[in-house]
Amino acid sequence: MKELEKRLIYLFTGELFAVTTFTFIYLRELAASQSYALMYALGVLNFILLQSSFYWFIKWCRWKRKTACVPGLIPLFAVLKKVNFILLFIAPLLFLLEMFMWKRSTLPIELLGLYVYFFAIIEYINYFHIQLTNYKKGRGKRPVIAREIDRWRKTHTRKIN
């Protein structure tokens, strides 16, 4: 069981460290670029990473205390899954506006913004659809968050019907 605890701590601290690092690099090196698209893409990426960090932290607390720490967590993640999709859907529009109408940033900054945006998409897929790190034999494993949302929806729809 010590391995599980180490894994959960590694997951929530790793995601939190990524958010901190990305934000620090942006503020130190890229904020002067004044690219709304890059800032937005980084914000969406950090939002998704913060959700995953929070999720793994709560899982660690649940494992440590042997009881649920935050009631209503899975319905919250079901809503956040939809919010994330909407935020990711808006980003290309912002990139197009910035490139063709506002002409605020340079090509390297726009490419970096697209890279960050695609990274956010990958993180979204990895946490809410297919666990990309466990992709074997042409099939991806369902992420833990996605399985918990599916279980919650099944029990929730049974209660309504």
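The values are calculated or read from the model by the stated rules, or taken from the named source; none is laboratory data. Just so we're clear, the structure is a prediction, and the values are computed from it rather than from any experiment. Glycine also receives a Cβ, built like all others from the backbone with ideal geometry; neighbour counts cover every protein chain displayed.
Table: residues versus (1) in contact with a Ser or Thr (Cβ under 9 Å, 6 or more places away or on another chain); (2) touching a residue at least 60 places away in the same chain (Cβ under 8 Å); (3) polar (S, T, N, Q).
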residue	(1), (2), (3)
Ile9	no, no, no
Thr13	yes, no, yes
Ala18	yes, no, no
Ala32	no, no, no
Asn46	yes, no, yes
Leu49	no, yes, no
Trp56	yes, no, no
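Selection of region 66-102 for residues being among the polar types (S, T, N, Q) and surrounded by fewer than 18 Cβ atoms within 10 Å (Cβ to Cβ) yields only Thr67. Output yes when any residue across region 32-47 is loosely packed, with under 12 Cβ neighbours inside 10 Å and closer than 27 Å to Leu114 by Cβ, and no when none is. Yes, that holds for at least one residue. Return a yes/no flag: does region 73-90 have any residue that is at pLDDT below 95, over 19 Å from the mean Cα position of the chain (by Cα) and not β-branched (Val, Ile, Thr). No, there is no match, as no residue in region 73-90 is at pLDDT below 95, over 19 Å from the mean Cα position of the chain (by Cα) and not β-branched (Val, Ile, Thr).
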